Amino acid sequence: MKAVIQRVTKASVTIEGQKVANINSGLLVLLGIVDDDTQDDIKWLSNKISNLRIFSDDAGVMNTSLLQTKGDAIVVSQFTLHASTKKGNRPSYIYAAKPNIAIPLYEAFVAQLEVDLGKKVQTGQFGADMKVELRNDGPVTIIIDTKDKT
């Protein structure tokens, strides 16, 4: 499981002209899933994102987490995070999980993040053509791969 985490002052997801997710201060999480991702990956990544100290404290130092700031989150599925660009100029998505595997894992991740944050997490729609808008704060953008957790 791979996540691109962006600290935002606002973010939204629009599908076919309709805004389906909208937050102010918080995190936009782009989530890519592979076939061998597990429930352990979900729990580890959700905990890491919830507690990642990337928000400013009173002294202006990145020292507080999304959980502490009570910020919001949007999770968007993004299979292109697992693109292979080794050969040629057209990316291969062979490593990205197919929908029958990815959708249940995506939904389980969102559910786990809601438990860890103690609040509703907004989402895009798996497989939809989404327009994602954001105002990156900082900018702060962090990539986390559960395959690199040890």
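The values are calculated or read from the model by the stated rules, or taken from the named source; none is laboratory data. These numbers were taken from a predicted model, which means no experiment stands behind them. Here Cβ is always computed from backbone atoms with ideal geometry, including for glycine, and neighbour counts include all displayed protein chains. Calculation scope for accessible area: heavy atoms of the full protein, side chains included, ligands and nucleic acids excluded. Shrake-Rupley method; radii C 1.70, N 1.55, O 1.52, S 1.80 Å.
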Answer residue from the range 56-113, given it is assigned to a strand (DSSP E or B) and touching a residue at least 12 places away in the same chain (Cβ under 8 Å) and is surrounded by the fewest Cβ atoms within 10 Å (Cβ to Cβ) among those: M62
Being part of a helix (DSSP H, G or I) and without any contact (Cβ under 8 Å) to a residue 40 or more places away in the chain, is that true of even one residue in the range 3-22? no
Return a yes/no flag: does the range 125-137 have any residue that is assigned to a helix (DSSP H, G or I) and polar (S, T, N, Q). no
Residues of the range 116-150 that turn out to be open to solvent by 70 Å² or more (accessible area, probe 1.4 Å), touching a residue at least 60 places away in the same chain (Cβ under 8 Å), out of contact with any strand residue (DSSP E or B) (no Cβ under 6 Å at 6 or more places or on another chain) and not basic (K, R), as a count: 2
Test of understanding: among D58, D40, which residue is of a type outside the set (S, T, N, Q) and at pLDDT below 95? D58
So which residues in the range 25-41 are hydrophobic (A, V, I, L, M, F, W, C), part of a strand (DSSP E or B) and in contact with a helix residue (DSSP H, G or I) (Cβ under 7 Å, 6 or more places away or on another chain), if there are any at all? L27, V29, L30, L31, V34
Unmet requirement for S50, which otherwise passes all of (1) open to solvent by 60 Å² or more (accessible area, probe 1.4 Å); (2) under 14 Å from Q6 (Cα atoms); (3) within 15 Å of the chain's Cα centre (by Cα): (1)
Take the range 112-150 and flag every residue that is of a type in the set (A, V, I, L, M, F, W, C), more than 13 Å from the chain's Cα centre (by Cα) and within 22 Å of Q39 (Cβ to Cβ). V115, L117
Which residues, taken from the range 23-46, are β-branched (V, I, T) and without any contact (Cβ under 8 Å) to a residue 40 or more places away in the chain? T38
(1) crowded, with 22+ Cβ neighbours inside 10 Å; (2) more than 26 Å from A97 (Cβ to Cβ); (3) β-branched (V, I, T) all hold for V13 apart from (2)
